[in-house]
1. If the label point is 7 Å along Cα→Cβ of Gln60, which residues in the range 69-106 have backbone nitrogen under 20 Å from it?
2. Rounded to the nearest 0.05, what FRET efficiency do Leu34 and Tyr104 have when you use their Cβ-Cβ distance and R0 = 25 Å?
3. State the percentage of accessible surface on the range 17-106 attributable to carbon and sulfur atoms; use a 1.4 Å probe and exclude ligands, DNA and RNA.
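The values are calculated or read from the model by the stated rules, or taken from the named source; none is laboratory data. In this text, all values refer to a predicted model and were calculated from it rather than measured experimentally. Neighbour counts are summed over all protein chains in view; Cβ atoms, including those assigned to glycine, are modelled from backbone coordinates with ideal geometry. All accessible areas refer to the heavy atoms of the entire protein, side chains included, with ligands and DNA or RNA removed. Shrake-Rupley method; radii C 1.70, N 1.55, O 1.52, S 1.80 Å.
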Amino acid sequence: MHSPRPESRVLSLSTTVLRQGPAPSEDDQFRRALAAQSAVHMAEGALAVLGPVPLGDARQVLADLGGAVGMDVATVAEHLLNVVQGLDAPAAVTDELDRVLAPYRG
């Protein structure tokens, strides 16, 4: 009896991996990360309109806003998007948003 050729073992392994796909928790984690990144990008665009904040500065403005209210950038981005849509957001976020946008509004 001889062992299978290395190529056939690799093919078998790759076929198994392709069939199984990512683990559900990895897929959920990827989806959450992608959604957070999308929210951040949309919030950067919103700042460019609201400020108007130069797009190159928008990420730092989000980070500064998050630091001031004790939230991560993705959470602040979600709250900012709520503000833009006329939905509720924490008063701390809206108050700080007014403060950080004031220099851009001249």
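1. Inside the label zone: 69-74, 76-77, 96-106.
2. That pair, Leu34 with Tyr104, gives E of 0.30.
3. The nonpolar share, carbon plus sulfur, comes to 56 percent.
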